[in-house]
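All remarks here apply to the structure that follows.
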Amino acid sequence: MAQNFDMVVIGAGPGGYVAAIRGAQLGLKVACIEREHLGGICLNWGCIPTKAMLRSSEVFHLMHRAKEFGLKADGIGYDLDAVVKRSRGVAKQLSGGIGHLFKKNKVTTIMGEATLAGKGKVTVKTDKGTEEITAKSIVLATGARARELPGLEPDGKLVWNYKHALQPPHMPKKLLVIGSGAIGIEFASFYNTLGADTTVVEVMDRVLPVEDAEISAFAKKQFVKQGMTIMEKATVKKLDRKGDKVTAHIETGGKTHTMEFDTVISAVGIVGNTEGLGLEEAGIKVDRTHVVTDEYCRTGVEGVFAIGDLAGAPWLAHKASHEGVMVAELIAGGKPHPIKPGSIAGCTYCHPQVASVGMTEAKAKEAGYDIKVGKFPFIGNGKAIALGEPEGLVKTIFDGKTGELLGAHMVGAEVTELIQGYVVGRQLETTEEDLMETVFPHPTLSEMMHESVLDAYGRAIHF
Ligand SMILES: Cc1cc2nc3c(=O)[nH]c(=O)nc-3n(C[C@H](O)[C@H](O)[C@H](O)COP(=O)(O)OP(=O)(O)OC[C@H]3O[C@@H](n4cnc5c(N)ncnc54)[C@H](O)[C@@H]3O)c2cc1C
């Protein structure tokens, strides 16, 4: 007989598992179906293991700077297998934690592959056969996977996707990273710091193309200083794989360059996991691999919701989780607020880090705002100098008429932790006056957030 639930969630990534837990907290009888690993891409192959690897490269980098801090460190080196082992261990620990959270919240976990099977029905292929489940509400949270471009398909040996790059069979000597979004740049940063001769190719006119142009330019300067080769407005046309080498044909400025590498990382975006779910039969609309939803993540088919990467950009874990909470509350009869896309921060954990929320300067101008822009460099901040991190910039953009904080953009040490200050500000619809009146603790990097706001109004103190 079919098991019956109030809410069934398909996929246990940060969208799905958070939706399931919130639903259970609200008194719903909830099942979460997962075909591979609790925690999804984020915990197993995304956010968490990359940050563990990047921490290793950051410590390695700091060890090389030991003398600067009056310390001694001889024979500095690394053991790539041990770096990977630590990263996999961190991922495993967190993925295991989801199982405990499910038990604690009485969420039924079903390991298997789910397909929609008619109104309020889901079939699940498990190790033991096929199960049928019925539910009043179904939440699709099947996430996404790496996009593969023809000719650039990963093979795990010479050409890697993010999964390969997280468990490298060897340390690349000459590495090509295709794509300079967050994923590409984080891997470029990791491998470059550990000594790989790294080239990044970006089809757009600048690295980190979704960031404010000034922040992209600042970050690029640092990457080049660290030894990376950056090719912008460039396209990898073809990869010739022969033996242990890849010849890349890279087109830029009307010319084709032929360059040889031993490893290529393809980081050219993601595609939604829409296949095999029975979406078409259920009448659910898909636009270029992403399920079409309204602001409440409703698919247009009664009782079926889609959240997270499956439901489109921004492809971020915190967006997925927030949608999960919103949908669970809606299903439980609550009146949650829809997500505000402009208040979702984006963070890139390269060296130096990059973080932003809201509109870039160009977007704000394009939207017709009469803007006020404030900037503050890390070199003017005591804590940044004490930390030995004087390279960075905090930029804020205000609506000159109303004082609304339209956007904030940062590059430098720990900015991925700092950005949330501005996110709270935007959520509370703060104005320049509130931010200027706020007292920031000293000495902290956060003082630069204050100074940047002050600078927008000609009042910066330390620069
Ligand atoms: C290398 C890398 C680094 C990243 N770093 C960050 C970061 O620092 N910060 C950030 O915010 N985001 C980061 N991301 C993005 C982040 O991982 C995703 O935005 C997030 O995982 C999306 O969550 P989700 O729940 O929508 O989907 P997913 O995490 O993809 O989870 C979907 C789950 O559904 C399961 N599933 C799919 N189909 C079925 C089915 N038919 N039946 C049952 N189960 C199914 C899958 O096995 C998977 O476990 C990174 C991604 C990558 C690849």
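In this simple spin-label model, placing a label point 7 Å from the Cα along the Cα-to-Cβ direction at both Lys92 and Arg55 gives a separation of 1.6 nm.
Annotation: for a label point projected 7 angstrom from Cα along Cα→Cβ of Tyr296, residues of region 99-140 with backbone N closer than 19 Å are 120, 136-140.
Starting from the exponent 0.38 and prefactor 2.2 Å, build the expected Rg for region 159-268 from its residue count and divide its actual Cα Rg by it.
On the way: Rg = 13.0 Å, N = 110, 2.2 N^0.38 = 13.1 Å.
After normalising by residue count via 2.2 N^0.38 Å, the value is 0.99.
When only C-alpha pairs under 8 Å and at least 6 residues apart count, what is the relative contact order of region 159-268, in percent? Over region 159-268, the number comes to 34 percent.
I'd like the antiparallel share, as a percent to the nearest 5, of DSSP beta bridges with both residues in the chain.
Approximately 60 percent, going by the DSSP bridge assignments.
Fully extending the segment from Glu281 to Val224, taken as 0.36 nm per residue of separation minus the present Cα-Cα distance, adds 15.5 nm. For region 321-463, how big is the tail of P(r) above 20 Å, as a whole percent of Cα pairs? Summing the P(r) of region 321-463 above 20 Å gives 48 percent of all pairs.
Taking 25 °C and 0.890 mPa s as conditions, region 93-209 diffuses translationally at an estimated 136 µm²/s according to Stokes-Einstein applied to its Kirkwood radius (Cα pairs). Excluding ligands, DNA and RNA, the accessible surface per residue across the chain is 48 Å² with a 1.4 Å probe. Between Lys103 and Leu62, the FRET efficiency estimated from the beta carbon spacing at R0 = 30 angstrom works out to 0.15.
Look at where the Cα atoms of region 43-114 and of region 285-330 average out, and the two centres are 28 Å apart.
For Thr402 and Ile76, the difference between the fully extended length at 0.36 nm per residue and the C-alpha to C-alpha distance is 112.0 nm.
With coordinates expressed along the principal axes, the C-alpha atoms belonging to the chain extend over 68, 62, 48 Å, beginning with the largest.
Judged by the mean number of other Cβ atoms found within 10 Å, the most tightly packed of the peptides 365-371, 66-72, 254-260 leads the ranking 365-371, 254-260, 66-72.
Pairwise alpha-carbon distances in region 1-109 exceed 20 Å for 53% of all pairs. Pairs of Cα atoms nearer than 8 Å and 6+ residues apart set the relative contact order; for the chain it is 15 percent. Paramagnetic label reach from Asp127 (point 7 Å along Cα→Cβ; backbone nitrogen cut-off under 13 Å): within region 27-52, residues 36.
Between Met436 and Arg147, the contour length at 0.36 nm per residue exceeds the Cα-Cα span by 99.7 nm. Longer than 22 Å from Cα to Cα, which of Lys92/Lys163; Lys375/Lys401; Lys157/Lys237; Lys51/Lys363; Lys67/Lys221; Lys163/Lys245 are they? Say none if no pair is. Pairs exceeding the cut-off: Lys51/Lys363; Lys67/Lys221.
Highest mean packing first, where packing is the average number of other Cβ atoms within 10 Å per residue, the peptides 203-215, 239-251, 11-23, 127-139 line up as 11-23, 203-215, 127-139, 239-251. Accessible area per residue was computed with a 1.4 Å probe on protein heavy atoms; Tyr78 scores about 90 Å². Just the number, please: carbon plus sulfur as a percent of the accessible area of the chain, 1.4 Å probe, no ligands or DNA/RNA counted. Looking at the chain in its full context, I get 53 percent from C and S.
The values are calculated or read from the model by the stated rules, or taken from the named source; none is laboratory data. Predicted, not measured: the structure shown is a model, and the values here were computed from it. A quick note on method: Cβ atoms are made from the backbone with ideal geometry, for glycine too, and the neighbour counts reach across all protein chains shown. What goes into the accessible areas is simple: the full protein's heavy atoms, side chains included, and nothing from ligands, DNA or RNA. Shrake-Rupley method; radii C 1.70, N 1.55, O 1.52, S 1.80 Å.
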